[in-house]
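Take this structure first; my questions come after.
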Ligand SMILES: [Zn+2]
């Protein structure tokens, strides 16, 4: 199993401990996300220290206030590290207006451009901003592999499938009331399916309310396997294959 999206630097226990617990749970690879300059440093350090960890580097929309070209150059320099396998997470978040929308958009556009230039996948965060997010991606992200992290647009699943976006399901798909999301997890084509924890957020149902960690991706994967009427082992192999293709490991 793999955890295609976690924030090791925001989790409380040290990365080494989390990785060990993940390994014990059968999680062979983790992608940790650097969301701003300091966080990028920490994600590169974790990937440098731990064989099973790769890095995703970018500027989170909640931290996009004042984003300028120099910020894009910093991400570009970080992405030269061979441990970096994607740009992001980037996108638009109108739920938590942590940064002005114009800044979020500028940061998003710059990171789409970077992903294209560097031939890296783009990890996208979108919350209550699907219309604008999908419009920008349609206009600017042609030819880029898109990963919709913490997939939360079940009403746009058809569009995602048409455009070939990877749909990465997080712990919220396991919540009893998430019926639409569960239906999307059932219907998404094999080749577009990924799973993640988004640790330390969104702990899956069996450990809901606690701080999340990469080892818990197995709970989300188990639920998705159940929804798709497949065995855990088959889902594991599928997700590993998809992640290996997208993140090139
Ligand atoms: Zn995240």
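Could you tell me whether the stretch 35-46 includes any residue that is more than 16 Å from the ligand (Cβ to nearest atom) and in a loop (DSSP other than H, G, I, E, B)? Give the steps one after another, and end with the answer.
Just the residues of the stretch 35-46 that are more than 16 Å from the ligand (Cβ to nearest atom), to begin with: 37, 41, 44-45.
When the remaining residues are screened for being in a loop (DSSP other than H, G, I, E, B), the result is none.
The answer is no, given that none of the residues of the stretch 35-46 is more than 16 Å from the ligand (Cβ to nearest atom) and in a loop (DSSP other than H, G, I, E, B).
Which condition from (1) farther than 21 Å from residue 24 by Cβ; (2) surrounded by fewer than 19 Cβ atoms within 10 Å (Cβ to Cβ); (3) out of contact with any helix residue (DSSP H, G or I) (no Cβ under 8 Å at 6 or more places or on another chain) is the one that residue 210 breaks?
Here residue 210 clears every test but (1).
Out of the stretch 2-17, which residues are part of a helix (DSSP H, G or I) and in contact with a strand residue (DSSP E or B) (Cβ under 8 Å, 6 or more places away or on another chain)? Break it down into steps so the answer makes sense when it comes.
Residues of the stretch 2-17 that are part of a helix (DSSP H, G or I), as a first pass: 8-10, 15-17.
Once the filter is applied, which keeps residues that are part of a helix (DSSP H, G or I) and in contact with a strand residue (DSSP E or B) (Cβ under 8 Å, 6 or more places away or on another chain), the stretch 2-17 yields 8, 9, 15.
Can you name the residue in the stretch 163-202 that is in a loop (DSSP other than H, G, I, E, B) and away from the ligand (no atom under 16 Å from the Cβ) and is also surrounded by the most Cβ atoms within 10 Å (Cβ to Cβ) among such residues?
Residues of the stretch 163-202 in a loop (DSSP other than H, G, I, E, B): 164-165, 170, 175-178, 188-189, 196-202.
Okay, now just the ones that are also away from the ligand (no atom under 16 Å from the Cβ), so 164-165, 175-178, 188-189.
On the way: 164: 11, 165: 24, 175: 15, 176: 8, 177: 8, 178: 19, 188: 22, 189: 11.
Across the stretch 163-202, the extreme among qualifying residues is 165.
Which residue is farthest from the ligand (Cβ to nearest atom), if the candidates are limited to the stretch 47-57 and must be surrounded by 24 or more Cβ atoms within 10 Å (Cβ to Cβ) and free of Cβ contacts under 8 Å to residues at least 40 places away in the same chain?
Checking each candidate, the answer is 47.
Still on this model: So how many residues does the stretch 7-29 have that are buried (at least 20 other Cβ atoms within 10 Å of the Cβ) and within 10 Å of residue 217 (Cα to Cα)?
Total meeting the criteria: 2.
Could you check the stretch 130-153 and list, in sequence order, the residues that are assigned to a loop (DSSP other than H, G, I, E, B), away from the ligand (no atom under 15 Å from the Cβ) and under 24 Å from residue 220 (Cβ atoms)? Break it down stepwise before answering.
Here is the first cut: in the stretch 130-153, the residues assigned to a loop (DSSP other than H, G, I, E, B) are 141-145, 149-153.
Restricting the remaining residues to those that are away from the ligand (no atom under 15 Å from the Cβ) gives 141-145, 153.
Of everything in the stretch 130-153, those that are assigned to a loop (DSSP other than H, G, I, E, B), away from the ligand (no atom under 15 Å from the Cβ) and under 24 Å from residue 220 (Cβ atoms) turn out to be 145, 153.
Considering only residues that are crowded, with 17+ Cβ neighbours inside 10 Å, touching a residue at least 40 places away in the same chain (Cβ under 8 Å), away from the ligand (no atom under 16 Å from the Cβ) and assigned to a helix (DSSP H, G or I), which ones fall in the stretch 59-75?
Listed by number, the list holds a single entry, 72.
Throughout, read-outs are computed from the coordinates displayed, never taken from laboratory work. The structure displayed is predicted, hence computed values, not measured ones. Glycine gets a Cβ as well: all are built from the backbone with ideal geometry, and neighbour counts include every protein chain shown.
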